[in-house]
Every structure is written in C-alpha cells, then in structure tokens.
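The block underneath contains the structure these notes are about, expressed in structure tokens.
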Amino acid sequence: MGSVCIEIVEGNPHLRSLLGWHLQQLEYRVHQAASIYQAREVFLSHQPTLVILDADLSDGDGIEFCRWLHRQEQPLILMLSARNNEADVVAALKAGSDDYLSKPFGMQEFLARVEALIRRKRTPTAPAYLDYGALQIDLVQRRVRFQGEFIDLTPQEFSLLYVLAQAGGVPLSRSELLRRAWPDAIDNPRTIDTHVLSLRKKVELDPRQPSLIQTIRNVGYRFNMEILNANVPQSQTKLAKERFSNPRSTLATQSS
C-alpha cells in the first residue's frame, strides 16, 4: 500500500496523530494538516489519493473545502464530523464526499472504510481520452480535435459524436442514438437527423456528400472509422495529445 498517499485534515492533534499512526501501520503514506490553509498546501504538494477531512475545522468551512477538493483532481474524500443528523450527512455527500463517518467512531470501522474507498479507486474506470487517429475526444474536458483542429461543438453534438465514434463503425438506429446520447427521453427519432446535419457541417469536408457520418438506409447512421486513420501523420496525433494534456489549451466545447 506504499504507493497510496492519504492526507489527514483534522483539528484535534491527538486524533490526527492516532489516525496517522494506524494508517502508517498499514503502509499508507500519510501527510497531516491541522487547518484548511495547511490542507491546501499539502494537497497541492502531494496529490493524495484519499483526503480524510474534519468537517469542523477552526479556520474555515469543511464542507466548502470539500467542494474545492472535488473540483481538483477529484480525490476520494472521507468526511469526519461530530454532527450526525441527516441534513449534515446529505450536505457533505452533495459537496463531493465519498463517505461520512460520525464522531466518535471505532478504529476498526475507520480503517475498514478507508480500505473500502481505496478499493473503489483501484477499480478500472472508463478512459478519459479516446484516440481515433484523425479524431481525438477528451471525455473529461469534453473537447474534440479533428484533423489537427479543435471543433466547436454544443454539448448535445459532443454526446452524439462520442456515441457514434464509440460504436466503432457499427450502424446505430435513430432510437438507439436517442437512448445513448440524449439525457432526457425524446419521442421523436427525427431529432437525430437535425443534429447529424449540424454535426456534418462541422466535421465533413462536404456536408452534402458526407463521408465520415454515413447514412445507412432503413437503419440510421454509422461512423466511418476507416477514413479516420487515413493520411494522418503520427506527429499530428502526438501534438493533439500534448494539447489535450495542457490545462491552458483553449476549450473546444461550450455550454449552451
């Protein structure tokens, strides 16, 4: 477990030391902080996998700091608090906490909850980046780069493009596309046609004769995967990945 880093943010020095000692016996790397100010510095320096956070710190609101943590690299968060009513638990979970433990608590329960959270982190997750040669899709930042250029897509166009590309060239019916790409139930499958037309205007060289998003008669649409890997230098794909990994890159998708 030596590769797993845990940050303890706890105002009570005796409890902080006790928790740290027990975690170190399990070979976790442990860093401690007594305040929100120290906690920010520790987090930015060590990028812990799990943050154990006291909700009742003297120099700030633990719930607000939990929201800040959740906006970062999304570490696991275990909230500790002397408050145990339902409203406090719900507020912590909504702020981004993965678990909530009321004080006082038993050490064995605490360690079991830590281990359960760490197991969750080790569970394989969906990829954050898809590379189809000429097309790169960043699922975290919701950005699309096609043939070396960022494409400005609406959120719904992004979802439609992602579902088509993920199908790997398999034709999808309009009903299937609605089910996979639309957040809300829609009864009119022709909605797909409107969005495909808009998407083609942005990714096709000639939208009137589409070669990338193909119409399959009596079925629906398919993504032409073969055309993506043609005539795209590897250096261009590498550059695209580097741009995606740079947080200062211009976002290609905007909320609408």
Condition broken by Pro183, with the remaining ones in (1) farther than 30 Å from Ile52 by Cβ; (2) in contact with a Phe, Trp or Tyr (Cβ under 9 Å, 6 or more places away or on another chain); (3) open to solvent by 50 Å² or more (accessible area, probe 1.4 Å); (4) not in a helix (DSSP H, G or I) satisfied: (2)
Of the residues Val90, Val51, Val9, which is open to solvent by less than 80 Å² (accessible area, probe 1.4 Å) and without any contact (Cβ under 8 Å) to a residue 12 or more places away in the chain? Val90
Just wondering, is there one or more residues in the stretch 65-72 that are in contact with a His (Cβ under 7 Å, 6 or more places away or on another chain) and touching a residue at least 12 places away in the same chain (Cβ under 8 Å)? no
Condition test on Ser81, is it in contact (Cβ under 8 Å) with a residue 12 or more places away in the chain and under 17 Å from Arg113 (Cβ atoms)? yes
Can you tell me which residue is most open to solvent (accessible area, probe 1.4 Å) among those in the stretch 15-25 that are under 17 Å from Leu101 (Cβ atoms) and out of contact with any strand residue (DSSP E or B) (no Cβ under 9 Å at 6 or more places or on another chain)? Leu18
Of everything in the stretch 71-81, what is at pLDDT 85 or above and either out of contact with any Asp or Glu (no Cβ under 6 Å at 6 or more places or on another chain) or of a type in the set (S, T, N, Q) (or both)? Give them in sequence order. Pro75, Met79, Ser81
Scan the stretch 195-209 for residues that are at pLDDT 90 or above, open to solvent by less than 90 Å² (accessible area, probe 1.4 Å) and of a type outside the set (D, E, K, R) and report the count. 4
For the stretch 161-180, name all the residues that are in a helix (DSSP H, G or I) and more than 17 Å from Ile137 (Cβ to Cβ). Arg174, Ser175, Glu176, Leu178, Arg179
For a quick check of your reading of the model, give me the residue pairs whose first member lies in the stretch 168-188 and is in contact (Cβ under 8 Å) with a residue 40 or more places away in the chain, whose second is of a type in the set (Asp, Glu) and assigned to a helix (DSSP H, G or I), with beta-carbon atoms closer than 9 Å and at least 6 apart or on different chains. Gly169/Glu226; Arg174/Asp193
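The values are calculated or read from the model by the stated rules, or taken from the named source; none is laboratory data. Remember, predicted model here, so these are calculated numbers, not experimental data. Note that we place each Cβ from the backbone using ideal geometry, even for glycine, and neighbour counts take in every protein chain shown. Heavy atoms of the whole protein, side chains included, go into the accessibility calculation; ligands, DNA and RNA do not. Shrake-Rupley method; radii C 1.70, N 1.55, O 1.52, S 1.80 Å.
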